[in-house]
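Report on the structure given below.
Values quoted throughout were computed directly from the atomic coordinates according to the rules given, and no laboratory measurement underlies them. Keep in mind that this is a model prediction, so the values were computed, not measured. When we count neighbours, we look across all protein chains shown, and the Cβ atoms used for this are built from the backbone with ideal geometry, even at glycine.
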Amino acid sequence: MSKNQQPDPSSKRQQLRAAQEKAVKQERTRKIALISVVALIVVAVIGGVSWAVMSLNQGKKVTANDTYSLVLGKTDAPVTVDIYQDFICPYCGEFERANGEDIKALVDSGQVELRIHPMNFLDDYSQGTKYSSRAANALITVQKAEPDKTLAFNSALFANQPAENTTGLTDEEIAQLATSVGVSPAVVATFTDYANVDFATKSSDAANTDGITGTPTILINGTKFSGNILTAGPFKQAVEAAASAS
């Protein structure tokens, strides 16, 4: 540049713009890197928590109180399965719909003594109709009078399960489901006596004493099953493994 030449202002502006753009790109890269590190930490923490929860559930032994349970199958079966359930609990419904046929087959084959613990701790989720108590009362009534119809009626109630925070099925609808699986009219007529609501309440109290904190809870020979309960297969495989080990 000669003494008489002046700097080109547009060139200066371009250099400044280039420097600014470079700084912006560097800051963007730094933020992306920081976000990635944070995301990895979050994933690691969540994974650790999930693993910890599974570890706590896996292999946990529970001494189940069977006084207020519905017992089906051979008492000398190699495997005892306890199912804690509430008829308006959505995951209880998913478990039954996925595994109901396998449960019946395992009971019928003599591999399983089944103990159903009907609970009513979700009564407040049926808009004051106490659906959990009414449905449990009906199942208990059937078990006491016609136990060969218990599993079919249990499946029918879950196949027609109402959603939480609805009024649930009416007494007439519960009666119709019982009739549809072969429960005699004489037994169905006693549902509205509500003679077994106290049984369901005591079953819930006993479950709480045993440390059962939610439904469904499934025990296989007293050990909490922590596998996939929402699809068919894992539960049956766990029961068969327990039978082979006994």
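The length gained by stretching the chain between residue 230 and residue 213 to full extension, at 0.36 nm per residue less their Cα-Cα distance, is 4.3 nm.
Relative to the current alpha-carbon distance between residue 190 and residue 144, full extension at 0.36 nm per residue lengthens the span by 15.4 nm.
Other residues within the sphere of radius under 15 Å centred on the Cβ of residue 226, judged by their own Cβ, net out at +2 (K and R +1, D and E -1). With a/c under 1.5 counting as rounded, go ahead and sort segment 101-232 into rounded, prolate or oblate using the C-alpha gyration tensor (a ≥ b ≥ c being the square roots of the eigenvalues; past the cut-off, prolate if a/b is larger than b/c, else oblate). Note, shape of segment 101-232 comes out oblate. Counted by Cβ distance under 13 Å from residue 180, the other residues give a net charge of -1, where Lys and Arg count +1 and Asp and Glu count -1. Taking each residue as 0.36 nm, the span from residue 246 to residue 165 lengthens on full extension beyond its C-alpha to C-alpha distance by 24.9 nm. Extending 7 Å from Cα along the Cβ direction at residue 71 and again at residue 94 yields two label points whose distance is 3.3 nm. Across the options 212, 125, 201, the greatest Cα extent toward the positive end of the charge dipole of segment 115-229 (unit charges at beta carbon of Lys, Arg, Asp, Glu) belongs to 212. The Cβ shell under 11 Å around residue 211 holds other residues with a net charge of +2, Lys and Arg each +1, Asp and Glu each -1.
In this structure, residue 198 and residue 61 have a Cβ-Cβ separation that, at R0 = 30 Å, corresponds to a calculated FRET efficiency of about 0.55. Packing here is the average count of other Cβ atoms within 10 Å per residue, and on that basis the peptides 150-156, 136-142, 162-168, 208-214, highest first, run 136-142, 150-156, 162-168, 208-214. Charge dipole of segment 95-219 (Cα centre as origin; +1 on each Lys and Arg Cβ, -1 on each Asp and Glu Cβ, all else neutral): 60 debye, rounded to the nearest 20.
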